[in-house]
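Accompanying notes for the structure given below.
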Amino acid sequence: MPDLDEQLRAAVFAWVHQLRERHAYRIPRDELSRGVTLNEQRVPIWNPYYGIHKPAILGRDGAALSVQTSADSPYQDEHDREAGHFVYKYRGTDPNHPDNVALRRAMELQRPLLYLVAVDPGIYDAVLPVYVHDDEPHRLQFTLVADQIDAPIQLDQPQLTVVRREYATRAVMQRLHQHAFRRMVLAAYRTQCAICRLRHSALLDAAHILEDRHPLGEPAVTNGIGLCKIHHSAYDADILGIDPDARVHINARVLEEKDGPMLLHGLQGVHGERLIVPRRTELRPNRDYLAVRFERFEAA
């Protein structure tokens, strides 16, 4: 029968997995603060004010349940894409602070953790499960690695476990990178669609001009455009193109179609319009990138 620690982690992971699916990896702080109920007792799943959280229900010698990095964290937590792990700083400078001891205990017992990363103020991505990979007291930091939620710990195949976790961690870092790219681009575009001026943040994306896999697909604001989800999808499908002068073009076949008001006003009606670009010149779309992408649209 699972012990209390295992029951709690299973309940927390199931709940947060639902939140992640419901909110598309952008979980509001208030949802996380509801906690879970275990044995008719409400248990907080994180501490929004301190990074490391061990619920009182786990006792003095229990292992940490979650860690979090806030948008204004005083700690220099890093997502080292080259090294393939997360760096998580100690709380304070004392390796024996109770919070640091609780996280070290999670490493010793190989307990899975919940890692909450602020992607916007009050909005968090949830990475789970995460394991403490190493403890570096001389650097006042731990290293963390992600895993697949349905993967067992393979004690008899440690090398396979390492490879799997490196792969999972890099995939998570790519997702977090997309959050950061979205935040930078939407800030430059004043949280509105550059085509239709829609301002509902939940319906806005940061569209890449040149995709990540392109040799010039750098994660810079000049390689992004703030678009609503409709115009982003149309851009990705080459139904909508943007020329080097930031003018919008709609595929000729689509211009001839007859349909409802979305086609008429949302697509056909923006043909020939110019993008609403950032005020600062250095944040505006790169003309060369637009030209490369526009060639693809014209060939479609």
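Per the helix-only calculation at 222 nm, which mean residue ellipticity applies to the chain, given -39500 (n - 2.57) for every DSSP H run of n ≥ 4 and division by its residues, nearest 500 deg cm²/dmol? Walk me through the intermediate numbers first.
Details: 7 runs with 92 residues, N = 300.
Computed ellipticity for the chain at 222 nm equals -9500 deg cm²/dmol.
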Discussion item. Give the separation of the Cα centroids, the range 179-234 to the range 1-40, in Å.
Written reply: 31
Practice prompt. Excluding Glu218 itself, calculate the net charge of residues whose Cβ lies under 13 Å from the Cβ of Glu218, where each Lys or Arg counts +1 and each Asp or Glu counts -1.
Written response: -2
Item to complete: Would you check the accessible area of Glu166, probe 1.4 Å, heavy atoms only, in square angstrom rounded to 10?
Response: 80
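Where Lys and Arg each count +1 and Asp and Glu each count -1, what net charge lies around Glu282 among other residues with Cβ under 15 Å from its Cβ?
Details: positive: Arg279, Arg280, Arg284, Arg287; negative: Glu218, Asp288.
Result for the neighbourhood of Glu282: +2.
Which whole-number value in Å² is the accessible area per residue of the chain, probe 1.4 Å?
Heavy-atom SASA per residue in the chain reads 52 Å².
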Worksheet item: Across 5 Å bins from 0, what is the distribution of all Cα-Cα pair distances for the range 172-236, in whole percents?
Response: 4, 21, 29, 27, 14, 5, 0
Worksheet entry | Cα-only radius of gyration and Dmax that characterise the range 183-300, units Å | 13.4, 40
Response to the item:
Once the in-chain neighbours fewer than 8 apart are removed, the lysines whose Cα is under 28 Å from Lys54 read Lys89
Worksheet item: Tally Lys/Arg at +1 and Asp/Glu at -1 over every other residue whose Cβ is under 10 Å from the Cβ of Asp245; what's the total?
Response: +2
Worksheet item: Tell me, what is the percent relative contact order of the chain, built from C-alpha pairs under 8 Å that lie six or more residues apart?
Response: 11
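Got a sec? What order do Trp15, Trp46 fall in by accessible area at 1.4 Å, biggest, i.e. largest, first? List each step's numbers first, then the result.
Details: Trp15 45, Trp46 15 Å².
Listed by decreasing accessible area, they come as Trp15, Trp46.
Within the P(r) computed for the chain, what percentage of the Cα pairs occupies the region above 36 Å?
Result: 31 percent of Cα pairs exceed 36 Å.
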Item to complete: Could you name the lysines whose alpha carbon sits less than 22 Å from that of Lys258, not counting residues in the same chain fewer than 8 places away?
Response: Lys229
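The values are calculated or read from the model by the stated rules, or taken from the named source; none is laboratory data. Since the structure is predicted, the reported quantities are computational estimates derived from the model, not experimental observations. Please note: Cβ atoms are built from the backbone with ideal geometry, for glycine as well, and neighbour counts cover all protein chains shown. What goes into the accessible areas is simple: the full protein's heavy atoms, side chains included, and nothing from ligands, DNA or RNA. Shrake-Rupley method; radii C 1.70, N 1.55, O 1.52, S 1.80 Å.
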